[in-house]
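Step one of this worksheet: look at the structure below.
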Amino acid sequence: MIRNFLKIAFRNLLKNKGFSFINIIGLSVGMASAILILLWIQNEVEYDQFHEKKDRIYEAWNKDTFSGKLQCWNTTPKVFARIVEKEFPEVEQVTRVNWPSSFLFTVGEKKLKENGNIVDSNFLNVFTFPLLKGDPNVVLKDMYSIVLTEKLAKTFFGNEEPMGKVIRINDKDNFTVTGILKELPNNTRFKFDYLIPWAYARKLGQDDDNWGNNSTRNYVLLKPNATLASIAPKLKTIKRDHTKDEPTNEMFLYPISRWRLHSSFTNGVEDDGGLIGFVKMFAVIAAFILLIACINFMNLSTARSEKRAKEVGIRKVVGANKSSLISQFLGESILISFIAALFALLIVQISLPAFGDLTGKVLFINYSSIYFWLLFLGFIIFTGVIAGSYPAFYLSAFKPVKVLKGTFLKSDKVVTPRKVLVVLQFTFAIILIICTTIVKEQILHARNRDSGYNMNNLVFHYLTGDLEKNYPLVKNELISSGVATSVAKTSAPITQGWSDSWGFQWEGKQPDDKTDFDRFSSDEDLGVTVGLKFVRGRDFNLKQYLTDSTGMILNESAAKAMGFKDPIGQIVKDGDRPFHVVGVIKDFILLSPYQPTRPMVIEGAKGWFNVMHIKLNSKNTTADNLKKAEAIFKKYNPQYPFEYNFVDEDYANKFKAEQRTGILASLFAGLTIFISCLGLFGLAAYMAESRIKEIGVRKVLGASVTSVVTLLSKDFVALVALSFVFASPVAWMFMDSWLQKYPYHITIEWWVFAFAATVSILIALFTVSYHAIKAATANPVKSLRTE
């Protein structure tokens, strides 16, 4: 029986090669697209879910009210860890992870700068990052111990045994390799090449007991029998219990299962603004692409029903029941699904590297896993059943008497399942066209927003090694040599915010005012170096005004928040240190170009410094400037590499997430249109074939080629136009909701919908025109010849 089914199925495939090819290609592209998206979703959902103690790991978060809004953030005090371990019996361990550090490593003649983390010695007991060598209980116990990833160990020592080897850091301290880590999976929030114990941070003066200094991340491991509910009430007031400076603060624990996809809060309540929204969106896209591919199969199978109607009629006459016919047709669709799945796997394997680059991930298929093959088999059967269900029931329902008389087809219905399916296909394709256009317009809108400073020929370099000590010499030589027109020292890059505070004091401040200010610092010449626009006062000038070391520059938002009518000369205290306002600048974009600018203060030379900004001389080529700058940096900082960063490139990174979304949406919109057009192409071919005698008669009676092409095309154009009517409100609602996440966003214009309608109709016309023109230009004599 099964052998007979397979023989018939293969015969039908070979007999109708064109339609079989369209079915298989459409299904394979749809299945490949769905598999790629599912691999991406799997990677996102499994972020940090490989840790053995994941059910007990939590991150400490803060919650407090600023400017009338309840806000949540995940940087917490360093002192939190040891206090919680001491005062909370439900807690097994707390481990701290400092911000990524970049040290200069010296191994023999090799000098490299690598990124890693300073962590508590119990870090590898809390998190499951497997050690290839070393004991997780002791590898970070000594202050001068270091754990390397396998890749970094190979970079330093090649094929030599790395354990016990000595690495010199920053030309000051010698560290001994005590452990080698297996390479980190790509779906973890932790990105490090080495680990150094927290004791070294203490030596560097980077540890403190200040409850108001939220500058690190604390990860809490609860005991096996402890519950979050038992610790939450006590943890809520821990800051209030240890300091009087945080009367409204609350702390809470956030589970590891929600770090990646959620971690977005509105007025203190978790919302859908995290990655979970993108995961849901692309899950829907995957489902619809697969559905569209299945719809192609349904349409082409039912369109060709006349070809198999007599087969069904004869089978029924000789005793075949409906269930056996359904099994036959479902079996054929599963067979086609299986063939398409093989091609889909090939497409996926070829596409994975490029798709991984596009998404910024390392995606792969574990072919050795039995679970993969079981899921893949289920995926094939599911696709085959969905694709073949309607044709199976449709074909098996034919009445033998009507079939054998040739009267079973009724083509005069206004609404048919086939038309509904075509409309559904193009509705989703048009939704994606509209959404992709709006995403790109939003990115362009943010890109065109005035940044508030001049990025041209502007680079920054971190103050590594002896640069801070030799900064005056480096600055003077960069300017005197003609490499730079100005240089300024700052606390952070002009594109990044590394510090903020709500503890500033000024005359007239209300006791309950908790406005949060971005905090920056600069020595002098920041305005001319980065092109800030002063609306009042002036820039720092230490040569002319010695007191500018305690000067302060406010942006317009800060001056407004402080309520100053005349800000110049006003005193603003940061802790115990008073600063006097010397200037007010126009707001500039420090953080997100999609968000309103925040109040910002720039403190003078009494602040702290990590970066130098260099305005390159535009009279020279960039390559020449950088070559000369490298020689100067090597002269005054010989142990460290010259690692510059262009400000415009760093600023462009702010658009990466939205750009990636736009590119992915464009890619899958294109694939959706391609699959839909395959279906239209097949339907147009069948329609032209089924109406060939009608076309011949029309041409004999004088019909023009244009009228015949219009006759064959107008039905498809009408269906696409109807799809646009359904797609437009859905796309508008979805994108309007998406845009509301961005305070600085576009309004959806009418031309977006006009563009989508025009594109979709032109695509449909182009798809069906081949068969329409071919049929219209055919010799009517051949068309009317008797079979």
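Assorted remarks:
- Shape analysis of region 141-290 places it in the oblate category; the axes a ≥ b ≥ c from the Cα gyration tensor give an a/c of at least 1.5, with a/b not above b/c.
- Protein heavy-atom accessible surface, 1.4 Å probe, per residue over the chain: 47 Å².
- Its DSSP H runs of at least 4 residues, each contributing -39,500 (n - 2.57), put the calculated 222 nm mean residue ellipticity of the chain at -16000 deg cm²/dmol, to the nearest 500.
- Given +1 at the Cβ of Lys and Arg, -1 at the Cβ of Asp and Glu and no other charges, the dipole of the chain around its Cα centre is 4180 debye to the nearest 20.
- The residue list I614, L591, G604 was ranked by how far each Cα lies along the charge dipole of region 584-637 toward its positive end, using unit charges on Cβ atoms, and I614 comes out on top.
- Within the chain, the whole DSSP H helices whose Cα atoms reach 24 Å or more along their own axis and whose mean Kyte-Doolittle score is at least 1.0 are 17-45, 276-303, 322-359, 370-396, 417-447, 705-739, 750-776.
- The slack between V420 and L131, meaning 0.36 nm per residue of separation minus the straight C-alpha distance, is 98.3 nm.
- Annotation: amide H-H contacts under 5 Å for E524 (H modelled 1.01 Å from N, sequence separation of 5 or more, or interchain): K489.
- Counted residue by residue at 0.36 nm each, then reduced by the alpha carbon distance between them, the extension gain from K656 to W751 reaches 31.6 nm.
- Virtual spin-label span in nm between A354 and N454, 7 Å along Cα→Cβ: 4.2 nm
- Largest-first ordering by accessible area, 1.4 Å probe, given options R189, R96: R189, R96
- Rounded, prolate or oblate (a/c below 1.5 giving rounded, otherwise prolate when a/b exceeds b/c) for the chain by Cα gyration tensor: prolate
- The apolar share of the surface of the chain, taken as the fraction of accessible area on carbon and sulfur atoms (1.4 Å probe, ligands and nucleic acids excluded), comes to 59 percent.
- Overall, the anisotropy analysis places region 521-604 in the oblate class: the square-rooted eigenvalues a ≥ b ≥ c of its C-alpha gyration tensor yield a/c not less than 1.5, with a/b not exceeding b/c.
- Label point at F190 placed 7 Å out along Cα→Cβ; residues across region 207-223 whose backbone nitrogen lies under 20 Å: 215-223
- Euclidean distance between Cα centres, region 510-588 to region 150-211, Å: 39 Å
- Amide H contacts under 5 Å for S499, placed H, 5+ residues apart: R519
- Region 512-577: trypsin sites (Lys or Arg not before Pro) in DSSP loop, at most 12 other beta carbons within 10 Å: K543, K565
The values are calculated or read from the model by the stated rules, or taken from the named source; none is laboratory data. Predicted model, so just to flag it, every value in this text is computed and none were measured. Positions of Cβ are generated from backbone atoms using ideal geometry, with glycine treated the same way; all protein chains shown enter the neighbour counts. All accessible areas refer to the heavy atoms of the entire protein, side chains included, with ligands and DNA or RNA removed. Shrake-Rupley method; radii C 1.70, N 1.55, O 1.52, S 1.80 Å.
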